[in-house]
1. Of all residues in region 111-167, which are in contact with a Phe, Trp or Tyr (Cβ under 7 Å, 6 or more places away or on another chain) and either open to solvent by 40 Å² or more (accessible area, probe 1.4 Å) or farther than 21 Å from E187 by Cβ (or both)?
2. A289 versus (1) part of a helix (DSSP H, G or I); (2) more than 9 Å from the ligand (Cβ to nearest atom): which is the lone unmet condition?
3. Take the conditions at pLDDT below 90 and open to solvent by 30 Å² or more (accessible area, probe 1.4 Å) and apply them to S58. Does it pass?
4. Does N298 satisfy the condition of being more than 10 Å from the ligand (Cβ to nearest atom), part of a loop (DSSP other than H, G, I, E, B) and among the polar types (S, T, N, Q)?
5. Specify the residue that is surrounded by the most Cβ atoms within 10 Å (Cβ to Cβ); the eligible residues are those in region 2-43 that are among the basic types (K, R) and more than 15 Å from T214 (Cα to Cα).
6. Identify all residues within region 301-311 that are touching a residue at least 24 places away in the same chain (Cβ under 8 Å) and either open to solvent by 70 Å² or more (accessible area, probe 1.4 Å) or among the basic types (K, R) (or both); write none if there are none.
7. How many residues are of a type in the set (D, E, K, R) and within 12 Å of the ligand (Cβ to nearest atom) if we restrict to region 311-330?
8. Among (1) among the charged types (D, E, K, R); (2) touching a Phe, Trp or Tyr at 6+ places or on another chain (Cβ under 9 Å); (3) open to solvent by 60 Å² or more (accessible area, probe 1.4 Å), where does E314 come up short?
Amino acid sequence: MSDDILLRVQGLKMYFPITKGIIIQRHVGDIKAVDGIDFFIRRGETLGLVGESGCGKSTTGRAILQLYRPTAGHVYFNDNGQEVELTAIKGERLRLMRRKMQMIFQDPYASLNPRMTVGNIIGEPLEVHNISRGRARRERVQELLQVVGLNPYFVNRYPHEFSGGQRQRIGVARALAVNPSFIVCDEPISALDVSIQAQIINLLEELQAKFGLTYLFIAHDLSVVRHISDRVAVMYLGKIVELTNRAELYENPLHPYTQALLSAVPIPDPVVEEKRQRIILEGDVPSPANPPKGCNFNTRCPRVMDICHEIEPEFKDVGGEHFLACHLYA
Ligand code: SF4
């Protein structure tokens, strides 16, 4: 793996078994939440991962961090020049690697334990990973509170004493506690008021510049990731359908699904906005337990062809690191 690549995902699959029977459980199928995806993330960059709810993006984040053990495929992490296959390690080795990869959760109301003080919430990872205890831990927590823009004297307060934006800052401080190099931001602003979403985005950007962090930023719409991402991957029904750099994706989207998603994003210029044509997709997203044969977007694609019902399009580079899975560009 080249040195500028921090994380590489190869053929990643995450299936959840469907069982029937009360006493003897029979395996009758699988929910194919993530169904064979490939991508890499460069050191210091932000890769946006976008798709409708249930498309597998959060599962992807968790499977990368090994919070779910993937059904198949590989995740490689560049640990100071040494390639570590996260999918092949466990126990103490995996625990040590987890220090380098953290997660910021979607809902700052649900993800913080209401019975713990802020000091304990942020300091817990420091103890779990044997980094610091006692006074050193308290000082580190206060430093982290300052880093995320909160008053360091808040250590003895409880989550309910904070606003949504402040709680998300606490979640960010907790993720930063162990000095990670990679953070999965799982819809970190979706549960927040629009007025404070920008503050959290700005904070994440500042921290990225300060600590050289690499982000996988998960969101359900393309307008959110536009500002923060260097490259964007679009996911549909467990697969990545398009991945390219930000400018290319927003100016020259090639996949019919990306085009439909982008047509829903309002444009700030009123003249251009008036001409914006919405592409309305017919039908619902099929069940991940029973995805369509061929291209998994064929039941809703406005440009569907015969081949799309038979053969699955290959996810490949159509030029200039613009990756795509669609027969229109074969
Ligand atoms: Fe549409 Fe066919 Fe392309 Fe799939 S492969 S996105 S169905 S045109």
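The values are calculated or read from the model by the stated rules, or taken from the named source; none is laboratory data. Only a predicted model underlies this, so the values are computations on that prediction, with no experimental measurement involved. Note: ideal-geometry Cβ built from the backbone for every residue, glycine included; neighbour counts use all protein chains shown. Accessible surface areas use protein heavy atoms only, side chains included; no ligands, DNA or RNA. Shrake-Rupley method; radii C 1.70, N 1.55, O 1.52, S 1.80 Å.
1. S111, P114, T117, V118, L145
2. Status for A289: all satisfied but (1).
3. Numbers: at pLDDT below 90: no; open to solvent by 30 Å² or more (accessible area, probe 1.4 Å): yes.
Against the criterion (at pLDDT below 90 and open to solvent by 30 Å² or more (accessible area, probe 1.4 Å)), S58 does not qualify.
4. no
5. The first filter runs over region 2-43 and keeps only residues among the basic types (K, R), leaving 8, 13, 20, 26, 32, 42-43.
So of that shortlist, the ones also more than 15 Å from T214 (Cα to Cα) come out as 13, 20, 26, 32.
Working: K13: 17, K20: 10, R26: 9, K32: 22.
So the residue we want is K32.
6. Our first condition is that a residue be touching a residue at least 24 places away in the same chain (Cβ under 8 Å); within region 301-311, this holds for 301-303.
Matches in region 301-311: P302, R303.
7. Adding up the residues that qualify gives 2.
8. With (1) among the charged types (D, E, K, R); (2) touching a Phe, Trp or Tyr at 6+ places or on another chain (Cβ under 9 Å); (3) open to solvent by 60 Å² or more (accessible area, probe 1.4 Å) applied to E314, the lone miss is (2).
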